[in-house]
Amino acid sequence: MTMHIGIVGCGNISDIYLTNLARLPGVAVTAVADIDPEAARAKGARHGVPALPVDALLARDDVDTVLNLTIPAAHAAVSLAALEAGKHVYTEKPLATSVEDGVRILELAEARGLRVGAAPDTILGAGVETAAELIRSGVVGEIVTGTATVLGRGMEHWHPNPGFFFQPGGGPVLDMGPYYVAALVTLLGPVRTVRATARIGRRERLVTAEGPMKGRTVAVEVPTSVNAVYTFDSGAHVTFLASWDVWAHSHVPIELHGTAASLRVPDPNFFGGIVQVADEGGAWRDIDTASKPYGRPNWPAEDPTRANWRGLGLADMAAAIAEGRPHRANGALALHTLRVMMATLQAAETDRVIAL
């Protein structure tokens with residue numbers, strides 16, 4: 001059984017999905033659409049699929065699932081329209097830009113008997129999977145504390161049209177936070193409370209990436225540096241640092257400390273990487289995940305250095321529907337991740353502890 005997929009949104013991220021979905025079992029892309037018809041035509045021509053207006057794609061009988069790759073501000077509207085049209089939905093992160101919209105998406109899907117999946121599906125990759133097994137098997141013991149850090153310069157030096165990253169719905173928490181929060185929740189369980197502080201670094205950003213915006217400035221309307229503390233139901237406390245005001249740093253993506261060992265989890269923006277464990281002896285032991293399922297580097301295509309299997313969560317959702325089982329990159333995880341991120345921003349704005 002093959003799930004037929006219509007893609008709405010033909011921006012930068014669509015290439016890796018189109019590449020991987022042509023390789024993964026049980027899925028086939030039947031059409032693409034974009035608010036910019038030329039973008040859809042160019043992407044369709046490159047990957048050999050028809051380009052359609054959005055409404056026409058939603059009306060097609062040979063589209064079972066809509067893959068929503070629009071900008072975050074449009075995620076809810078497109079997902080709701082797809083569900084109204086009787087299609088399953090798999091969306092890029094975040095699920096929505098408000099908890100209320102996230103709840104509406106899941107409620108409509110349940111009422112229609114449809115599935116909702118959402119990025120990040122990097123939680124299915126060899127990096128997070130290996131770390132999770134080390135925790136489940138007791139190698140690390142009970143997690144007590146840890147850090148998760150996503151720190152960098154921002155998006156204006158590489159993205160051709162980065163304005164939306166600095167508008168409501170953007171910022172490092174909603175843009176990059178899903179990878180880290182979803183990984184932490186997968187490893188440690190649900191978050192109970194959130195504390196946070198935040199500020200805007202530079203009020204304007206000069207775009208230096210090649211493209212139509214090069215040389216122009218964009219106004220910054222959302223916090224670009226956020227420090228948070230997450231308390232999990234398990235009792236673990238993790239400090240989360242997210243910033244686009246950092247020129248260089250020496251932090252690892254995720255480092256967790258348990259009663260039996262310390263654990264380093266590779267970049268949750270990708271699927272593989274080196275997992276590290278240090279126990280009583282204090283020396284880090286490397287576990288290379290390149291030989292594990294979906295740990296092999298495959299991107300960039302011309303010289304693979306990273307495991308980038310985006311679309312794996314959608315393939316799992318297709319298999320789960322066929323087999324009558326839950327899928328893993330699901331709407332409930334996406335909604336909890338969204339609740340954590342919105343609570344982070346609310347805690348910073350109000351200087352209060354937010355209980356989930």
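The values are calculated or read from the model by the stated rules, or taken from the named source; none is laboratory data. This one's a predicted model, so the numbers in the text were calculated from it and none came from an experiment. Note that each Cβ is placed from the backbone with ideal geometry, even for glycine, and that neighbours are counted across all protein chains shown.
In the range 136-156, of all residues being over 21 Å from the mean Cα position of the chain (by Cα) and surrounded by fewer than 21 Cβ atoms within 10 Å (Cβ to Cβ), the one that is nearest to T344 (Cα to Cα) corresponds to T145. Reported count of residues in the range 181-208, each being assigned to a helix (DSSP H, G or I) and more than 17 Å from the chain's Cα centre (by Cα), is 1. Scoring E349 on the criteria (1) touching a residue at least 24 places away in the same chain (Cβ under 8 Å); (2) surrounded by 19 or more Cβ atoms within 10 Å (Cβ to Cβ) leaves a single failure, condition (2). Tell me, please, whether a residue that is under 21 Å from the mean Cα position of the chain (by Cα) and among the charged types (D, E, K, R) can be found in the range 109-120. Looking for residues that are under 21 Å from the mean Cα position of the chain (by Cα) and among the charged types (D, E, K, R), one finds at least one in the range 109-120, hence yes. Residue pairs whose Cβ atoms lie under 9 Å apart, separated by 6 or more positions or on different chains, with the first residue in the range 128-143 and closer than 12 Å to L188 by Cα and the second acidic (D, E) and loosely packed, with under 12 Cβ neighbours inside 10 Å, do not occur. Please tell me if P223 is part of a loop (DSSP other than H, G, I, E, B), touching a helix residue (DSSP H, G or I) at 6+ places or on another chain (Cβ under 9 Å) and either surrounded by fewer than 17 Cβ atoms within 10 Å (Cβ to Cβ) or assigned by TED's automatic domain parsing to the domain that holds G141 (or both). Judged against the criteria, P223 is a match.
I'd like the residue in the range 232-245 that is surrounded by fewer than 23 Cβ atoms within 10 Å (Cβ to Cβ) and either part of a loop (DSSP other than H, G, I, E, B) or at pLDDT below 95 (or both) and, out of all such residues, is farthest from the chain's Cα centre (by Cα). By that ranking, first place goes to G235. Can you pull out every residue in the range 301-325 that is assigned to a loop (DSSP other than H, G, I, E, B) and surrounded by 12 or more Cβ atoms within 10 Å (Cβ to Cβ)? Selection gives P304, A307, N308, W309, R310, G311.
Scanning the range 123-134 for residues being buried (at least 21 other Cβ atoms within 10 Å of the Cβ) and either among the β-branched types (V, I, T) or in contact with a Ser or Thr (Cβ under 7 Å, 6 or more places away or on another chain) (or both) gives a total of 5.
Of all residues in the range 1-50, those satisfying the criterion of being without any contact (Cβ under 8 Å) to a residue 60 or more places away in the chain, small (G, A, S) and closer than 20 Å to H88 by Cα are S14, A22, A28, A31, A33. Of all residues in the range 74-102, those satisfying the criterion of being aliphatic (A, V, I, L, M) and either assigned by TED's automatic domain parsing to the domain that holds A320 or out of contact with any helix residue (DSSP H, G or I) (no Cβ under 7 Å at 6 or more places or on another chain) (or both) are A74, A77, V78.
The combined condition, being surrounded by 14 or more Cβ atoms within 10 Å (Cβ to Cβ) and either acidic (D, E) or farther than 20 Å from N269 by Cβ (or both), is fulfilled by V229. Each residue in the range 220-244 was checked for being touching a residue at least 40 places away in the same chain (Cβ under 8 Å) and touching a Lys or Arg at 6+ places or on another chain (Cβ under 7 Å), and 8 pass. Of all residues in the range 6-25, none are over 22 Å from the mean Cα position of the chain (by Cα), hydrophobic (A, V, I, L, M, F, W, C), surrounded by 17 or more Cβ atoms within 10 Å (Cβ to Cβ) and in the same structural domain as S79 (by TED's automatic domain parsing). Put simply, of V32, V63 the only residue that is within 21 Å of R115 (Cβ to Cβ) and either within 22 Å of the chain's Cα centre (by Cα) or not β-branched (V, I, T) (or both) is V32. Being surrounded by fewer than 22 Cβ atoms within 10 Å (Cβ to Cβ) and either without any contact (Cβ under 8 Å) to a residue 24 or more places away in the chain or touching a strand residue (DSSP E or B) at 6+ places or on another chain (Cβ under 7 Å) (or both) is a property that T344 lacks. Within the range 14-47, the set of residues being part of a loop (DSSP other than H, G, I, E, B), more than 19 Å from A82 (Cβ to Cβ) and touching a helix residue (DSSP H, G or I) at 6+ places or on another chain (Cβ under 9 Å) comprises A22, L24, P25, G26.
Number of residues in the range 246-272 that are in contact (Cβ under 8 Å) with a residue 60 or more places away in the chain, under 15 Å from T149 (Cβ atoms) and assigned to a loop (DSSP other than H, G, I, E, B) equals 10.
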